[in-house]
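Chemist: Got a structure for you, questions after.
The values are calculated or read from the model by the stated rules, or taken from the named source; none is laboratory data. These numbers were taken from a predicted model, which means no experiment stands behind them. Here the Cβ positions follow ideal geometry from the backbone for every residue, glycine too, while neighbour counts run over all protein chains shown. With ligands, DNA and RNA removed, areas are computed over all heavy atoms of the protein, side chains included. Shrake-Rupley method; radii C 1.70, N 1.55, O 1.52, S 1.80 Å.
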Amino acid sequence: MSTYRVSSDEEMSGNEYEEEDEEEERSSVWSPGLHEHRSRSPATTAAGVASVNRSQTQDAWKTEDDPDTANPGPPTFLPKRTPGVQPPLTTGKQTPGAIFSQFFDAEVLKILCENTNSFAQKKKETGKPFPWKDLTPQELTKYLGLLLYMSVCNFPRITDYWRKNSIFHVSYPAAVMSRDRFLTISSHLHFSDPDVDAVNEQKMGTEEYDPLQRVRCLLEMISSRCKAAYHPRQHISVGERMVATKGRLQIKEHVDADKPTKWGLNFFVLADVNGYTIDYMLHSGEKQRASGKGLAFDVVAELVNREYLGRGYIVYCDSFYTSPVLFRHLIQQGFGACGMYKQGRTGVPTTKLNALNRKSKRGSIRWIRDGDLLYVRWMDTREMSLCTTVHPVHGGETVVRWQKTEDGRSQRAPLPRPTAVSEFNKYMGGVDTSGQMLTTNSVHRKTRRWDVTVFQHLLDIAVTNSYIIQKELSSALEQKPLSRQDFQEQLCAELLGVPLAEPPQTTGDGHFPCPTSKGRDIETSQRASKGRKQCYFCKRSTPWMCEKCGIGLCLHLYGQNLAGNTNLFIIHTISSCRT
């Protein structure tokens, strides 16, 4: 369920329904809300001033009984490509490893290896020498496989996977890569050209400095592959995703205390309804406000790209992004839009005539049309305010709520609900769904390097998008898709180059004790004395031997072998005749 279903709480303010004079209305500003970097958006422009003038001369708010004859309806849907999974993934049965290779392909692995080797070489030249062997794409693939292995089998410390004298010992990571090699790769993993990084560091404090230089190449490569492998359906959403980090960074941001991640890197995300991350943008500061219309405008204008998407898409967003200037820009680009808006935002209706108040009946609807924009306010537990360019006021939708009857009893009763509210609740959850799926078996671990934090998040995006593609392909073939854990385990096994259902290493297969006289023509009374063999370990005479190997082994206790008093035949069975 999308967290935006109850976001009507955000629309409440202590003085929302109190009478205010005209001066207070003009001086009202929107509180920054979730992020400290947010400012009033969009800036007052000629179009914004015209919209303000229109809104101040609006008639009274209308009800659901008043006809809306100017509804333009949804735009014609003309995508650039057929929505869904794109070739070559649509041909044949695709394994998790084949799908994942569309994101971390040979080019990405090659660039990561080259930059990592260059960074390690420069570090050796300028600092204390350390053993380093050049990283190859094959070894990097196994490194990624180990990261996924650790996300499924989660230990608090990396070194715990190489513990030996513990009941929590796991043997497989040591069979793939030594502990020191894994830690060495982790500490020298680099995502950009070290020479270019050095030049960029010299520009610090100037306008030419790029705070995302270390990860920009990787961000662009994974972003282009996310868009190439999948084309979204008509309803898409724009939102934010916070990646936790406490490093001392210029680009680190803080959110309100009621959010699970309070400090971190802020990603603006474009997502499909199924949770697929179509595109993203890592916020790097005020520098991005190139249009002069505010950060929210620039983010949506960059993520919702007509050259990639096509025309006719309907964009859903929260109150941070919604503004008349942005929605009219999307209309010009051939898109529809729907989102919650803040009271006091530049250009929205300010009239109080026939507006909702605290005494309004639950289910009451008010609306005002301003050209292509429809402003709808609906009273549920609290008031919700939405702006849309594609929906009618009320299409007959209802929602069941508990209502008190005249005699004081509570009963469930249907209430009218605006079409925009129903569609918003249905399609706005794409970013939330994506964030929830990313936290399942995430490779994210605490690190001192912020660029590694970004790399871990991009790896999570690649794995999650691969899983969603697998679900889409299975649905098209009418097959049952793998669960998230099964998918990630199989992907891990493919990256490590081993079968997932590898049988356990059994010991002593067929090595059982039998008399040395077995198969020999010896009388029963003489079997204990004739045909004896010398024990392979203690060199004593024994009437027992290994049935499979034929070597003599006694069954007497012989000191504290292995774990306590263990007979020699068990020792031989464990060794499986490797002696």
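Chemist: Can you tell me which residues in the stretch 414-461 are touching a strand residue (DSSP E or B) at 6+ places or on another chain (Cβ under 9 Å), closer than 17 Å to Phe267 by Cα and among the small types (Gly, Ala, Ser)?
Modeler: Answer for the stretch 414-461, where residues must be touching a strand residue (DSSP E or B) at 6+ places or on another chain (Cβ under 9 Å), closer than 17 Å to Phe267 by Cα and among the small types (Gly, Ala, Ser): Gly429, Gly430, Ser434, Gly435.
Chemist: Considering each of Leu135, Leu89 in turn, give the residue that is aliphatic (A, V, I, L, M), modelled with pLDDT under 95 and in contact with a helix residue (DSSP H, G or I) (Cβ under 9 Å, 6 or more places away or on another chain).
Modeler: Leu89
Chemist: Among helices (runs of 4 or more DSSP H) lying entirely in the stretch 234-347, which contain 3 or more residues that are touching a strand residue (DSSP E or B) at 6+ places or on another chain (Cβ under 8 Å)?
Modeler: Ranges flagged: 295-303, 324-332.
Chemist: Let me ask you something else. Does any residue of the stretch 491-508 turn out to be out of contact with any Phe, Trp or Tyr (no Cβ under 8 Å at 6 or more places or on another chain), of a type in the set (Val, Ile, Thr), touching a residue at least 40 places away in the same chain (Cβ under 8 Å) and open to solvent by 70 Å² or more (accessible area, probe 1.4 Å)?
Modeler: yes
Chemist: Okay, moving on. Of all residues in the stretch 273-300 being among the small types (Gly, Ala, Ser) and open to solvent by less than 40 Å² (accessible area, probe 1.4 Å), which is farthest from Thr245 (Cα to Cα)?
Modeler: Gly294
Chemist: Restricting the search to the stretch 109-149, which residues are aliphatic (A, V, I, L, M) and either out of contact with any Pro (no Cβ under 8 Å at 6 or more places or on another chain) or open to solvent by 40 Å² or more (accessible area, probe 1.4 Å) (or both)?
Modeler: Of everything in the stretch 109-149, those that are aliphatic (A, V, I, L, M) and either out of contact with any Pro (no Cβ under 8 Å at 6 or more places or on another chain) or open to solvent by 40 Å² or more (accessible area, probe 1.4 Å) (or both) turn out to be Ile111, Leu112, Ala120, Leu135, Leu140, Leu144, Leu147, Leu148.
Chemist: I'd like to verify a number: residues in the stretch 346-379 that are charged (D, E, K, R), crowded, with 17+ Cβ neighbours inside 10 Å and either within 20 Å of Asn425 (Cβ to Cβ) or modelled with pLDDT under 90 (or both), how many?
Modeler: Residues meeting the conditions: 2.
Chemist: I'd like the residue in the stretch 166-184 that is among the small types (Gly, Ala, Ser) and not in a helix (DSSP H, G or I) and, out of all such residues, is nearest to Gln121 (Cα to Cα).
Modeler: Residue satisfying both the conditions and the ranking: Ser178.
Chemist: So the check is Cβ under 9 Å with 6+ separation or different chains; which pairs have a first residue in the stretch 346-370 that's farther than 22 Å from Tyr321 by Cα and a second one that's among the basic types (Lys, Arg) and part of a loop (DSSP other than H, G, I, E, B)?
Modeler: Qualifying pairs under 9 Å: Gly363/Arg417; Ile365/Arg417.
Chemist: Here is a further query. Does Val238 count as closer than 25 Å to Arg448 by Cβ, touching a residue at least 60 places away in the same chain (Cβ under 8 Å) and β-branched (Val, Ile, Thr)?
Modeler: no
Chemist: Spot the failing condition for Gln332; the list is (1) more than 36 Å from the chain's Cα centre (by Cα); (2) over 18 Å from Val421 (Cβ atoms); (3) modelled with pLDDT of 90 or more, and only one is missed.
Modeler: Of everything listed in (1) more than 36 Å from the chain's Cα centre (by Cα); (2) over 18 Å from Val421 (Cβ atoms); (3) modelled with pLDDT of 90 or more, Gln332 misses just condition (1).
Chemist: Right, something else. Name every residue in the stretch 186-206 that is within 23 Å of Leu135 (Cβ to Cβ) and surrounded by fewer than 14 Cβ atoms within 10 Å (Cβ to Cβ), in order of residue number.
Modeler: Asp195, Ala198
Chemist: Something else: Just for strands (runs of 3 or more DSSP E) wholly inside the stretch 383-501: which have at least 1 residues that are in contact with a helix residue (DSSP H, G or I) (Cβ under 6 Å, 6 or more places away or on another chain)?
Modeler: 383-388
Chemist: Go through (1) open to solvent by less than 40 Å² (accessible area, probe 1.4 Å); (2) without any contact (Cβ under 8 Å) to a residue 12 or more places away in the chain; (3) of a type outside the set (Ser, Thr, Tyr) for Gln411 and report which single condition fails.
Modeler: (1)
Chemist: Next question, about the same structure. All but one of (1) modelled with pLDDT of 95 or more; (2) open to solvent by 20 Å² or more (accessible area, probe 1.4 Å) hold for Val238; which doesn't?
Modeler: With respect to (1) modelled with pLDDT of 95 or more; (2) open to solvent by 20 Å² or more (accessible area, probe 1.4 Å), Val238 is out only on (2).
Chemist: Follow-up. Please go through the stretch 84-106 and give me each residue that is in a loop (DSSP other than H, G, I, E, B) and surrounded by 16 or more Cβ atoms within 10 Å (Cβ to Cβ), ordered by number.
Modeler: Gln86, Leu89, Gln94, Ser101, Gln102, Phe103, Phe104
Chemist: Regarding the stretch 163-185, can at least one residue be identified that is surrounded by 13 or more Cβ atoms within 10 Å (Cβ to Cβ) and under 30 Å from Asn274 (Cα atoms)?
Modeler: Checked against the condition, which is being surrounded by 13 or more Cβ atoms within 10 Å (Cβ to Cβ) and under 30 Å from Asn274 (Cα atoms), the stretch 163-185 yields no hits at all.
Chemist: Is one or more of the residues making up the stretch 446-460 surrounded by fewer than 22 Cβ atoms within 10 Å (Cβ to Cβ) and either in contact with an Asp or Glu (Cβ under 9 Å, 6 or more places away or on another chain) or under 30 Å from His391 (Cβ atoms) (or both)?
Modeler: no
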